[in-house]
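Following: one structure in structure tokens, then a few remarks.
The values are calculated or read from the model by the stated rules, or taken from the named source; none is laboratory data. Worth saying up front: this structure is predicted, and the values here are computed from it rather than measured. For neighbour counting, all protein chains shown are included, and Cβ atoms are generated from backbone atoms with ideal geometry for every residue, glycine included. Note: areas computed on protein heavy atoms with side chains; ligands, DNA, RNA excluded. Shrake-Rupley method; radii C 1.70, N 1.55, O 1.52, S 1.80 Å.
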Protein chains: 2
Amino acid sequence: MNETPLETIPAGYGRAVRLRAGEAIEIVNVTGTQVIDTWAFVEGEGGEYMSLPHTRVETGRMVPRPGESFLTNLRKEILRMEEDTSSGIHDTIMAACDAARYQRLGCAGYHRNCAANMNEALAELGLPARECPQPLNLFMNIPVHPDRSLEQGAPVGHPGEYVRLRALCDCVVAMSACPQDITPINGADRTPQDGHYRIPSAG
Amino acid sequence: MNETPLETIPAGYGRAVRLRAGEAIEIVNVTGTQVIDTWAFVEGEGGEYMSLPHTRVETGRMVPRPGESFLTNLRKEILRMEEDTSSGIHDTIMAACDAARYQRLGCAGYHRNCAANMNEALAELGLPARECPQPLNLFMNIPVHPDRSLEQGAPVGHPGEYVRLRALCDCVVAMSACPQDITPINGADRTPQDGHYRIPSAG
């Protein structure tokens with residue numbers, strides 16, 4: 001039981017938090033439908049980031065299971081997937097939505113997007129803009145069919161499920177409550193929802 | 001029928017070629033077992049590169065089929081998968097092997113690796129070193145099981161099969177004949193082989 005209050009990531013926006021090694025963050029699927037694009041960066045100037053391609057080589061899975069760790073692009077452990085009360089359905093292979101994605105989907109003007117949200121969130125912590133790595137797309141359902149086609153699947157989450165990520169080094173975790181409202185990746189009503197997280201107290 | 005001579009990528013090494021928009025490269029699986037890590041970069045200083053995560057969003061497939069294009073990190077078309085005489089089994093989700101990977105596999109000294117090969121090949125064209133993006137791992141077999149576990153599968157290629165990639169802009173294609181000799185990804189005998197490519201004449 002965790003009494004730490006929930007923080008809100010406003011629908012379509014981003015947030016970032018600093019974690020010291022040993023601290024954790026719980027990202028909570030309050031609505032059951034909202035995808036949270038998530039990134040992690042090692043503190044400092046080295047540019048090191050959580051890399052899903054490197055993590056896959058190490059874990060031999062599309063998505064790490066509880067007890068397994070995410071690696072950086074330098075193959076160092078950055079976050080441990082400590083607990084996952086969902087069914088384990090998260091995406092690790094689809095790029096974050098960005099301005100170019102919405103242009104290709106036919107949007108005339110600017111559309112909020114996860115890549116820009118990542119940098120807005122980092123800027124709020126005084127950190128410079130950077131290229132957007134492949135995110136950990138929490139609660140996003142991308143079935144891989146036997147013919148290797150991919151499906152933008154309907155959400156399969158349950159309200160209240162969460163993942164707890166434990167920092168294995170000092171790092172910054174950025175999150176975006178995905179603003180996608182053209183495809184149904186955030187639910188059939190195509191209405192992005194707030195995201196939520198909490199920082200559980202030690203122990 | 002193509003009479004263009006085959007060029008060799010020595011086993012465990014890299015090569016890069018410049019392609020003008022409209023030119024093509026055929027990468028040939030002569031032995032049937034050798035993985036060729038492949039990257040593409042837009043000519044110029046912009047840092048734009050072929051991005052498999054962005055390509056997947058557009059094509060809705062793990063691996064593009066003939067007629068489909070690879071996108072860059074800016075979602076511009078860079079290469080078309082024009083022909084693929086293999087069974088279409090290529091990997092797009094596993095990071096290139098690098099020095100850190102071989103350290104984790106227990107190698108005491110330096111081991112040749114695809115990430116370094118990419119930069120060695122670029123250097124031969126006078127291009128600066130850069131971060132290694134997720135490669136297109138041609139002829140590499142990574143089955144995705146229903147439980148979302150991944151398998152470092154045995155090669156399923158047939159000698160002589162090839163892919164033809166057509167440049168949709170001026171670009172550089174880098175290739176590495178993967179030096180992996182600890183896992184059996186390049187065949188059960190764990191002996192990396194030469195890779196091969198050719199530049200078909202126009203038309």
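Charges were assigned to the Cβ only: +1 to each Lys and Arg, -1 to each Asp and Glu. The resulting dipole of segment B:7-198 about its Cα centre is roughly 240 debye.
Panel values: the protein assembly as shown, Kirkwood radius from alpha carbon pairs, Stokes-Einstein at 20 °C and 1.002 mPa s, translational diffusion coefficient 99 µm²/s.
Its convex hull of Cα atoms gives segment B:7-198 a direction-averaged projected area, equal to a quarter of the hull surface, of 10.4 nm².
Distances between copies of B:Ala99, taken at a point 7 Å out from Cα along the Cα→Cβ vector and listed shortest first: 3.7 nm. What is the list of residues in segment B:52-69 whose amide nitrogen lies under 19 Å from a point 7 angstrom out from the Cα of B:Leu127, following Cα to Cβ? Output list for this probe position: B:52-55. Buried surface between chains A and B: roughly 3100 Å² of accessible area, summed over both sides, computed with a 1.4 Å probe on protein heavy atoms only.
Residues of segment A:45-91 whose accessible area (probe 1.4 Å, heavy atoms of protein chains only) drops by at least 40 Å² once all protein chains are present, relative to their chain alone: A:Pro53, A:Arg56, A:Val57, A:Glu58, A:Gly60, A:Arg61, A:Met62, A:Arg75. The simple spin-label model puts a point 7 Å past each Cα toward its Cβ; for B:Lys76 and B:Leu105 those points are separated by 3.6 nm. Applying both filters, DSSP loop and at most 15 other Cβ atoms within 10 Å, to the trypsin sites (Lys or Arg not before Pro) of segment B:1-75 gives B:Arg20.
Across the identical copies, the 7 Å label point of A:Pro66, projected outward along Cα→Cβ, sits 4.8 nm from its counterparts, in ascending order.
Shown in residue order for segment A:51-65 are the 3J(HN,Hα) couplings computed by the Karplus curve 6.51 cos²θ - 1.76 cosθ + 1.60 at θ = phi - 60°: 10, 5, x, 5, 5, 4, 4, 6, 8, x, 9, 5, 10, x, 9 Hz (x for Gly and Pro). For A:Gly195, the residues 5 or more places off, or on other chains, whose built amide H falls under 5 Å of its own are A:Ile9, A:Ala11.
Ignoring any ligand, DNA or RNA, what whole percent of the accessible area of chain A comes from carbon and sulfur when the probe is 1.4 angstrom? Looking at chain A in its full context, I get 50 percent from C and S. Taking every DSSP helix (H) stretch of at least 4 residues in chain A, weighting each as -39,500 (n - 2.57) and dividing the sum by the residue count yields a mean residue ellipticity at 222 nm of -3500 deg cm²/dmol. Per residue, the solvent-accessible area of chain A (1.4 Å probe, heavy atoms of protein chains only, all protein chains present) comes to 40 Å².
Copy-to-copy label distances for A:Asp194, where each label lies 7 Å from Cα along Cα-to-Cβ, are 6.5 nm in order of increasing length. Once the partner protein chains are put back, segment B:121-155 shows a loss of at least 30 square angstrom of accessible area, versus the chain by itself, at B:Glu131, B:Val144, B:Arg148, B:Leu150 (probe 1.4 Å, ligands and nucleic acids excluded).
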